[in-house]
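Here is the structure we will look at, set down as structure tokens.
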Protein chains: 2
Amino acid sequence: MVREVVTEAQAPPATRPNMKDGKVTHPDMMNANLVKAEYAVRGELYNRAQDLAKEGKEVIYTNVGNPQNLGQQPLTFNREVLALLLAPQLLEHSQVANMFPAEAIARAKKLLAGFGGRMGAYTDARGIQPIREEVAAFITARDGHAADPENIFLTDGASVGVKFALQALIRDASDGILCPIPQYPLYSATITMLGGQLVPYYLDEAADWDINLESLRAALADARARGLTVRAMAFINPGNPTGQVLDAANLADIVKFAHEEGLMLLADEVYQANIYQDDKPFVSARKVMYDLGEPYASSVELASFHTVSKGILGECGLRGGYVEWLNLHPGGLAELYKTASINLCPNTVGQATVSLMVNPPPRDGAAGAAYWAQHDESLASLRRRAHVMTDAFNGLEGVTCNFTEGAMYSFPRLHLPARAVEAAKAAGKAPDTFYCLELLQATGIVTVPGTGFGQVPGTFHLRTTILPQEDVISHFVDKLRAFHEEFMAKYRD
Amino acid sequence: MVREVVTEAQAPPATRPNMKDGKVTHPDMMNANLVKAEYAVRGELYNRAQDLAKEGKEVIYTNVGNPQNLGQQPLTFNREVLALLLAPQLLEHSQVANMFPAEAIARAKKLLAGFGGRMGAYTDARGIQPIREEVAAFITARDGHAADPENIFLTDGASVGVKFALQALIRDASDGILCPIPQYPLYSATITMLGGQLVPYYLDEAADWDINLESLRAALADARARGLTVRAMAFINPGNPTGQVLDAANLADIVKFAHEEGLMLLADEVYQANIYQDDKPFVSARKVMYDLGEPYASSVELASFHTVSKGILGECGLRGGYVEWLNLHPGGLAELYKTASINLCPNTVGQATVSLMVNPPPRDGAAGAAYWAQHDESLASLRRRAHVMTDAFNGLEGVTCNFTEGAMYSFPRLHLPARAVEAAKAAGKAPDTFYCLELLQATGIVTVPGTGFGQVPGTFHLRTTILPQEDVISHFVDKLRAFHEEFMAKYRD
């Protein structure tokens, strides 16, 4: 056999092998950033819970802010309108007025016209114009500063909007995004998948999880010293998992900081309707920016995300949301529009649900009265549950918990005994993961350990939703308390 | 002023500027791959059409396979079920039997139970188990080879599944994906955004757009010689934009090629229900793979994509679809599941629509009879239109067009006169873009130039859907013919 001699110049560049163990899809052969990404909300705890459920054990899913899964009822009026939109032939049926309130029929007709009569057609990639106008009117009324529908994209839930922004901003591993710690892991997972760097700034647990400007500045300086280009600052208000509501003064600090440092702001405001106290109402970052006036009002690049999944609608399954882009470069906005176009369009039922969220029926009128009675009772109940849950955690030995001012979560700190930390270590688990796994095993309650969100090293937390209904929440609290007492009896130093 | 001397070792790495012209979102400061991506289906022609529509001009959107936008009616039974799912209180209403057929009521009850009674809750990221089982049963019946629900992910339309696959496979600029040319630009746009390389193989226009194994092998060899690692081969059957249906022999060649060369197969089979002739029925790649037996059946990694947007449902706006993953590494499948989890879940209405697609009502029974009458007439009409459109193009001077065996498009070749090519050059446009812009201006017909899909250099095409309804298609053809005659009169050599 003649062995051909190939000089280096003649040889083609080496092609990497495409398989490992005979598989193209071996994880070692996949996009490493994808493999590296973690999403704790559906991670180890969730998988273990699914196994338990398959074994027939009662499992209470408080790991995800999924209100209807824990018994929150959808707003009846909204569902009536959606049903008519999907089966518009009902609008012509002689019995329609016996089955649907007049307001729902009128609203469905109006919305259907906005869709050109066709819920089954692709729309513009930003959603239909009439709903974008309704969103603009809602924002204008909320903030007292006019919004432009051209800046509004409807999306399949808020996550899609967040991804659009991060995908546009992150160019390579030298680009960083300031994110709160603890944070909702959509941010960490998406940044990792895109090959960027999460630049952490720690929320101040001792000050009700407020954003501390000093630590923010320090985080930015540290990242820059490491050679990172910090492109944007994300924040979540009301907080997930932390439940704080930021006041206007704190938000003004953030807007000024973004302006001084030349950063885009990513304002995750999906819990704006979930407010459980009167001292700190929700204030949007855009309102604060416009209230500050120039130079902020016309220069700070800001994206604000909202969703139908939270609030009193809780329509997670329908996947509706929007993003408002402010002060973007027109060319950059066009690039985002193109990105959305590759996705074709947000689903039309989700779009219609956004319309119903931002433009609810007026309180007068029969359907409106029923809607608002259901709405107000649902909100009042969440408010009571925020207290019940916080009080329950603060009543446990070695647990402290800031009050859930807004959003849907309690994020108690677990001061775990040294023996529990050792037991966790022996089991090869992070201490809070160990606690949450034991809790799941003993009670069927699925939570998410603080490690999934990030926390100050050496501190341990867990996240639970406050969503169990009031007729079961005392049962929930009893189970939690009984477990915790046993846990402490076993591991107390 | 003392100038501090900083040695190179002491200096922090240089941070790039974060703005251009005062904007973080200046396109020059964005992810270059995102900016580079093109999506012609919603590109220059579409934007120009929107302007004309704003000016009040009649515009006929044949640029996108969007059946309901051109008058295709949704299947009534499906919409009745969806309406009941969204407003389940109707199921308890005394008048429900007067407004909905019994089969729709029964089906809604069954589906609703599968969703745990809650269309507004997040589901598992792969969709609910009962619908994944229905999809598996559909595939099993179609192919005569059993499918496993564990391999099936429900998705928000087929595009999402394609993105999951490409995102997992593309690691860096040395990774390539074999794609047909012409191709649906979801592939080119997504590959560009992910920073990978599209490796083109040319479909054989002279052989009804079949896949030619010689040119496939040549394309792979060429890519490898350039140092690329080719990870997978994508193909679209029936073809978009080309309309061919691949026969079992051609598919067997592809399966063997993938096995020999160690490539994953990405089978875009979203038009499997759009077949307009009897000689070549749709055959799935997975059926061919299993029919071939070993070593193919248990080794070729294959993803097959399907959707509710096409076929006779045409429910583009509802965003439902699925992907079946075959022979994947279990760890790789787990990574894809994690990726889906970060997206939370596919929308529930889209999931339910997948159920209705794969498990239609039986032909006996009142609702089933009506359903199938509507279905069969819709398919027969599409079949007639496929002929009308092909014949119309072949009747034009200097135009040749392969018959639309399947899918929803005609992709005629335009043999443009040299003077038209010169005029295009003078206008700074590709010749086919020039033709399509003139067509739009003269008639309001929105098409997509061949450049948007790729074509053999020096050839020119356009894509139009065959979707205008039969009562308007002759009007459409008349406009097209009148324009073309004028165009040729103006530019004929």
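The values are calculated or read from the model by the stated rules, or taken from the named source; none is laboratory data. Quick caveat, the model's predicted, so the values are computed rather than measured. Here the Cβ positions follow ideal geometry from the backbone for every residue, glycine too, while neighbour counts run over all protein chains shown.
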From A:Ser298, A:Ser341, residue being surrounded by fewer than 22 Cβ atoms within 10 Å (Cβ to Cβ), among the hydroxyl-bearing types (Ser, Thr, Tyr), within 30 Å of B:His26 (Cα to Cα) and at pLDDT below 95: A:Ser341
Qualifying residue in the range B:241-251 (condition: over 19 Å from the mean Cα position of the chain (by Cα) and in a loop (DSSP other than H, G, I, E, B)): yes
Options B:Leu70, B:Leu86: the member that is facing chain A (nearest Cβ under 9 Å) and in contact with a Lys or Arg (Cβ under 6 Å, 6 or more places away or on another chain): B:Leu86
Close pairs from the range B:315-338: first more than 7 Å from chain A (Cβ to nearest Cβ) and under 21 Å from B:Ile131 (Cα atoms), partner of a type in the set (Lys, Arg) and surrounded by 22 or more Cβ atoms within 10 Å (Cβ to Cβ), Cβ under 9 Å, at least 6 apart: B:Tyr322/B:Arg132; B:Glu324/B:Arg286; B:Leu326/B:Arg286; B:Tyr337/A:Arg42; B:Tyr337/B:Arg126
All positions within the range B:396-411 that are under 19 Å from the mean Cα position of the chain (by Cα) and at negative phi: B:Thr404, B:Glu405, B:Gly406, B:Met408, B:Tyr409, B:Ser410, B:Phe411
Single unsatisfied condition, A:Ala173 versus (1) under 25 Å from A:Val456 (Cα atoms); (2) of a type in the set (A, V, I, L, M, F, W, C); (3) not in a loop (DSSP other than H, G, I, E, B): (3)
Residues of the range A:140-168 that turn out to be touching a residue at least 40 places away in the same chain (Cβ under 8 Å) and away from chain B (no Cβ under 13 Å), as a count: 7
Set B:Phe476, B:Phe411: member being touching a strand residue (DSSP E or B) at 6+ places or on another chain (Cβ under 9 Å), at pLDDT 95 or above and hydrophobic (A, V, I, L, M, F, W, C): B:Phe411
Criterion (assigned to a helix (DSSP H, G or I) and surrounded by fewer than 24 Cβ atoms within 10 Å (Cβ to Cβ)) met by exactly one of B:Leu84, B:Leu90, B:Leu111: B:Leu90
Output for the range B:244-300, where each listed residue is closer than 22 Å to B:Lys310 by Cα and charged (D, E, K, R): B:Asp247, B:Asp268, B:Glu269, B:Asp278, B:Asp279, B:Lys280, B:Arg286, B:Lys287
Those residues of the range B:458-473 which are in contact with a helix residue (DSSP H, G or I) (Cβ under 8 Å, 6 or more places away or on another chain) and not β-branched (Val, Ile, Thr), in sequence order: B:Phe460, B:His461, B:Leu462, B:Arg463, B:Leu467, B:Pro468, B:Gln469, B:Glu470
Matching residues, the range A:58-98, being farther than 20 Å from A:Met357 by Cβ and of a type outside the set (A, V, I, L, M): A:Glu58, A:Tyr61, A:Thr62, A:Asn63, A:Gly71, A:Pro88, A:Gln89, A:Glu92, A:His93, A:Ser94, A:Gln95, A:Asn98
Test: A:Val358 is at pLDDT 95 or above, more than 19 Å from A:Ser410 (Cβ to Cβ) and within 14 Å of chain B (Cβ to nearest Cβ): no
Hits in the range B:236-250 (condition: away from chain A (no Cβ under 14 Å), surrounded by 24 or more Cβ atoms within 10 Å (Cβ to Cβ) and either in contact with a Gly (Cβ under 9 Å, 6 or more places away or on another chain) or not hydroxyl-bearing (Ser, Thr, Tyr) (or both)): B:Ile236, B:Asn237, B:Pro238, B:Gly239, B:Pro241, B:Gly243, B:Gln244, B:Val245, B:Leu246
Pairs, first more than 7 Å from chain A (Cβ to nearest Cβ) in the range B:15-29, second assigned to a loop (DSSP other than H, G, I, E, B) and aliphatic (A, V, I, L, M), C-beta under 7 Å, six or more apart: B:Met29/B:Met19
Output for the range A:345-355, where each listed residue is within 12 Å of chain B (Cβ to nearest Cβ) and of a type in the set (Ser, Thr, Tyr): A:Thr348, A:Thr353
Residues satisfying the stated conditions in the range B:42-63, i.e. assigned to a loop (DSSP other than H, G, I, E, B) and out of contact with any strand residue (DSSP E or B) (no Cβ under 7 Å at 6 or more places or on another chain): B:Gly43, B:Glu55, B:Gly56, B:Lys57, B:Glu58
Meets criteria (surrounded by fewer than 23 Cβ atoms within 10 Å (Cβ to Cβ), over 18 Å from B:Met357 (Cα atoms) and free of Cβ contacts under 8 Å to residues at least 24 places away in the same chain) for B:Glu55: yes
Selection from the range B:30-52 of residues that are free of Cβ contacts under 8 Å to residues at least 12 places away in the same chain and either surrounded by fewer than 17 Cβ atoms within 10 Å (Cβ to Cβ) or within 23 Å of B:Thr433 (Cβ to Cβ) (or both): B:Ala32, B:Val35, B:Asn47, B:Gln50, B:Asp51
Subset of the range A:95-108 that is more than 13 Å from chain B (Cβ to nearest Cβ) and touching a residue at least 24 places away in the same chain (Cβ under 8 Å) - its residue that is surrounded by the fewest Cβ atoms within 10 Å (Cβ to Cβ): A:Ala102
Scan of the range A:409-463 for residues that are touching an Asp or Glu at 6+ places or on another chain (Cβ under 7 Å), in a loop (DSSP other than H, G, I, E, B) and farther than 26 Å from A:Lys310 by Cα, ordered by number: A:Pro417, A:Phe460
Filter result (under 22 Å from B:Ala189 (Cα atoms), out of contact with any strand residue (DSSP E or B) (no Cβ under 6 Å at 6 or more places or on another chain) and surrounded by 20 or more Cβ atoms within 10 Å (Cβ to Cβ)) within the range B:438-467: B:Thr451, B:Gly452, B:Phe453
B:Leu154 being on the phi < 0 side of the Ramachandran plot, surrounded by 15 or more Cβ atoms within 10 Å (Cβ to Cβ) and part of a helix (DSSP H, G or I): no
Selection status of A:Glu134, of a type outside the set (Val, Ile, Thr), over 30 Å from B:Ala340 (Cβ atoms) and surrounded by fewer than 17 Cβ atoms within 10 Å (Cβ to Cβ): no
Test: A:Gly117 is free of Cβ contacts under 8 Å to residues at least 40 places away in the same chain, in a loop (DSSP other than H, G, I, E, B) and more than 7 Å from chain B (Cβ to nearest Cβ): yes
Complete set of residues in the range B:183-235 that are of a type in the set (D, E, K, R) and either touching a Cys at 6+ places or on another chain (Cβ under 6 Å) or surrounded by 21 or more Cβ atoms within 10 Å (Cβ to Cβ) (or both): B:Arg231
Filter result for A:Tyr184 (under 20 Å from B:Asn343 (Cα atoms), of a type outside the set (A, V, I, L, M) and within 14 Å of chain B (Cβ to nearest Cβ)): yes
